[in-house]
Amino acid sequence: MQTIHSRRIIVVLLVATLLMGCEIHRRTIREYHTDRAGQINVSNVTEEQYWKERVDERIAAEIAKEKPEAGYDTWQNYWRWWYSVLRRKKKTPFKSDEFKRSEDLVNYIKEQRRAKGLPTYED
């Protein structure tokens, strides 16, 4: 009886340790990039880094005069839509030390746009 009880305690402690370990480390996304020579590069980035990269990519696409994604006819409509999507939830979609609220994400986008000389479409 004591052996079974001891084993249960050990199992519970192991599971708790594993679950805590998951919370300590930020979740990562594995990215694969192919350079011009065809070489594949693999990197692990946090969800926050990944999100920031997407913001940078979309700003670069707008500067390059590419069409906005998601079927929007103008970048102004696209950014206003993305702001509204981010604001629907109070919390950010990923764990972050920098971003505590969804409005922080919107403010980050606006800061990046201002830094590139682009309008924020809300001010």
task: Pairs only if they're at least six apart or on different chains, beta carbon under 9 angstrom, first in the range 61-73 and farther than 16 Å from TYR83 by Cα and without any contact (Cβ under 8 Å) to a residue 40 or more places away in the chain, second part of a helix (DSSP H, G or I) and aliphatic (A, V, I, L, M); list them, first residue then second.
output: GLU66/ALA60; LYS67/ALA61
message: Checking the conditions here, which among ARG87, ARG58 is basic (Lys, Arg) and surrounded by 15 or more Cβ atoms within 10 Å (Cβ to Cβ)?
response: ARG58
task: Output the residue which, of all residues in the range 61-100 that are part of a helix (DSSP H, G or I) and of a type in the set (A, V, I, L, M), is farthest from THR46 (Cα to Cα).
output: ILE63
- prompt: Taking GLU69 and the conditions (1) over 15 Å from PRO119 (Cα atoms); (2) modelled with pLDDT of 95 or more; (3) within 18 Å of the chain's Cα centre (by Cα), which numbered condition does it fall short on, given that it satisfies the others?
  reply: (2)
statement: Sole miss for LEU118 among (1) within 16 Å of ASP56 (Cα to Cα); (2) assigned to a helix (DSSP H, G or I) is condition (2)
- prompt: Scanning the range 101-115 for residues that are of a type outside the set (Lys, Arg) and either surrounded by 16 or more Cβ atoms within 10 Å (Cβ to Cβ) or within 12 Å of ILE59 (Cα to Cα) (or both), which turns out farthest from the chain's Cα centre (by Cα)?
  reply: ALA115
- line: ILE29: passes all of (1) at pLDDT below 90; (2) out of contact with any Phe, Trp or Tyr (no Cβ under 9 Å at 6 or more places or on another chain) but (2)
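The values are calculated or read from the model by the stated rules, or taken from the named source; none is laboratory data. Quantities reported herein were computed from a predicted structural model and do not represent experimental measurements. FYI the Cβ positions are ideal-geometry reconstructions off the backbone, even for glycines, and counts take in every protein chain you see.
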